[in-house]
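No lab work stands behind these numbers, since they all come straight from the coordinates. None of the values given here were measured: they were computed from a predicted structure. Every residue, glycine as well, gets a Cβ built from its backbone with ideal geometry; the counts of neighbours run over all protein chains shown.
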Ligand code: GDP
């Protein structure tokens, strides 16, 4: 798993702090508590990788992990939606930064949206998917915490979300069932991400 080499690189608060824009990167989005950190850690075979994104002050930054051996492959953790404590002006800054990032970042090759399988496709998720699709970027929805549901309900939700995504966004958004707990769906998630990174 080439993603096991991922390591914390930097956290960017504004466009000037972003690493050079010439390589390949995959962004991870998710409402807080959806299970994004757990999914990112599992995909990268690490216990604490995404913890850095949750430290105070980092919840309004883009957190970059580089994936050696080259220096131009990144995973980007997009934190901070659903944090009620964030003041309004910070939210506005964050919104503008994310917006610009999605509109202009050449290196961005795909978006992963992590959703709790019991609460899929909330407003924030659709906003992120909209950003990707409006730029013709592929997106992949991960329905995590699948271990909380039986197989029948997992399949039912998968089919319903797949249908909704196809109707809302066409065929550029894929979806899978996942669990950071049981590791269900891990190979599929890794292959999507490493494929976008061309690794
Ligand atoms: P984040 O805020 O999106 O990064 O969410 P976290 O990864 O920190 O997870 C939020 C909570 O959900 C934590 O208590 C996790 O232990 C739990 N969680 C995350 N993934 C799973 C999963 O696949 N299965 C179960 N049962 N719990 C999970």
Rel. contact order, % - alpha carbon contacts under 8 angstrom, at least six apart, the chain: 25 percent
DSSP-defined beta bridges in the chain - what % are antiparallel, rounded to 5: 30 percent
Most fluctuating residue given options 130, 180, 110, as computed from a GNM of the chain linking Cα atoms under 10 Å: 130
Gap separating the Cα centres of region 68-146 and region 152-185, nearest whole Å: 17 Å
Fluctuation leader among 140, 93, 13 - the chain, Gaussian network, Cα springs under 10 angstrom: 93
Pair residue 13, residue 172: separation of 7 Å Cα→Cβ label points (nm): 3.3 nm
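For the chain, what does the helix formula give at 222 nm: sum of -39500 (n - 2.57) over DSSP H segments with n ≥ 4, over the residue count, nearest 500 deg cm²/dmol?
It comes out at -10500 deg cm²/dmol, rounded to the nearest 500.
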Global geometry of the chain, whether rounded, prolate or oblate, following the gyration tensor of its Cα atoms and the 1.5 cut on a/c: rounded
Cα-Cα P(r), region 81-199, percent of pairs per 5 Å interval: 2, 10, 19, 20, 19, 15, 9, 3, 0
